[in-house]
Amino acid sequence: MSSVKAAFLDRDGVINIDHAYVHAPEEFQFIDGVFEGCRLLQKAGYLLIIATNQSGIGRGYYSETDFEKLCVWMKKRFADEGVLISDIFFCPHHPEKALGNYLQDCNCRKPKPGMLLAAQKKWDIDMKASLMVGDKQGDMQAALAAQVGRRILVGKDGLACPQPVAECTDVARNLLEAAKLID
Ligand SMILES: [Mg+2]
Ligand SMILES: [Zn+2]
């Protein structure tokens, strides 16, 4: 039985302000409290794993290389703040609005659980002991489908506490407040 637990984090609207299709450091604005929230989760023993829909790749707005470069920059910023991001899973697809091979009804685009299940397999994660923080119902649906025990819906860009949805177990204003629910 695995004893590894993870905090699955959505990216846009949870870690950074969701300006839509953010793909360069200049547009990447960390939401207040993100680093502290991640440090709390890390201290509580959670692996930090990002799972993010990136249909902007499939739509041709930016490339996988652009995305990877931004990930390197972002992980460095986290590292500078004492936070280790263990892994990043992304879905480049879209069922209707993507080009070429990216046009597919995949199993990784949230609300499907594919990214979370891939992470579970790779890291041998105890999903019941894990949590997801996201700003959309689709994040909560993906987490429920992957049997993630705690599913915390936060306000988009950390601005306001959201109304609960059927699939969430908790609501919080932002990632920091979500992390504070845990101890
Ligand atoms: Mg989001
Ligand atoms: Zn996908």
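Before moving on, here are some points about what is shown:
- Among the residues of the stretch 87-125, the ones that are in contact with a helix residue (DSSP H, G or I) (Cβ under 9 Å, 6 or more places away or on another chain), away from ligand 1 (no atom under 16 Å from the Cβ) and of a type in the set (D, E, K, R) come to 2 in all.
- Of all residues in the stretch 168-183, those that are within 9 Å of Leu40 (Cβ to Cβ) have Cβ atoms under 7 Å from Cβ atoms of residues that are small (Gly, Ala, Ser), 6 or more apart or on another chain, in Leu176/Gly33; Leu176/Gly37; Ala179/Gly37; Ile182/Ala44; Asp183/Ala44.
- Any hit, the stretch 78-96, residues being part of a loop (DSSP other than H, G, I, E, B) and crowded, with 19+ Cβ neighbours inside 10 Å: yes
- Considering residues of the stretch 97-117 that are in a loop (DSSP other than H, G, I, E, B) and within 8 Å of ligand 2 (Cβ to nearest atom) only, the residue surrounded by the most Cβ atoms within 10 Å (Cβ to Cβ): Arg109
- Residue within the stretch 33-50 that is closer than 26 Å to Gly149 by Cβ, surrounded by 16 or more Cβ atoms within 10 Å (Cβ to Cβ), within 13 Å of ligand 1 (Cβ to nearest atom) and without any contact (Cβ under 8 Å) to a residue 60 or more places away in the chain present: yes
- Here the stretch 1-32 is the region considered, the condition is being in contact (Cβ under 8 Å) with a residue 40 or more places away in the chain and small (Gly, Ala, Ser), and the residue that is farthest from ligand 2 (Cβ to nearest atom) is Ser3.
Just so you know, all these numbers are worked out from the coordinates, no wet-lab data involved. What you are looking at is a predicted structure, and each value in this text was computed from that prediction instead of being measured. For neighbour counting, all protein chains shown are included, and Cβ atoms are generated from backbone atoms with ideal geometry for every residue, glycine included.
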